[in-house]
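First up is the structure itself, then whatever we jot down about it.
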Amino acid sequence: MSKVHALEHLGFTPQVDFRLFDNSDGNGQQMEWLSGSPQPSDDEIATAQTAYDAKAYARTREAAYPSIGD
């Protein structure tokens, strides 16, 4: 999962609260924090990534078998 999904899981919006980019300088993905809210720690982001990843099966199953609206 990407850092984008983790930050969305924490309630932040891409391009509004944060921006991820890679300027091809060999340092990998960088983040610019745009929100007025405090930036989550790496541990908070990792916890959100774990929670998001844990629900991957449910998201996949929901897409494959949509609700019939009983």
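A few points about this structure:
- The calculated P(r) of the chain, using every Cα pair and 10 Å bins from 0, goes 18, 40, 27, 13, 3, 0 in percent.
- The chain - percent of accessible surface contributed by carbon and sulfur, probe 1.4 Å: 48
- Taking 7 Å steps out from each Cα toward its Cβ at residue 16 and residue 29 produces label points 2.0 nm apart.
- A simple packing score, the average count of other Cβ atoms within 10 Å per residue, orders the peptides 17-23, 5-11, 37-43 as 5-11, 17-23, 37-43, with the highest score first.
- Degrees, to the nearest 10: 42-54 long Cα axis against longest axis of the chain: 20
- Computed from the C-beta positions of residue 47 and residue 67, the FRET efficiency with R₀ = 35 Å rounds to 0.75.
- Applying 0.36 nm per residue to the separation of residue 58 and residue 8 and subtracting their alpha-carbon distance, the gain on full extension is 16.3 nm.
The values are calculated or read from the model by the stated rules, or taken from the named source; none is laboratory data. None of these values were measured; they are calculated from a predicted model. Cβ: placed from backbone, ideal geometry, glycine included. Neighbour counts: every protein chain shown. All accessible areas refer to the heavy atoms of the entire protein, side chains included, with ligands and DNA or RNA removed. Shrake-Rupley method; radii C 1.70, N 1.55, O 1.52, S 1.80 Å.
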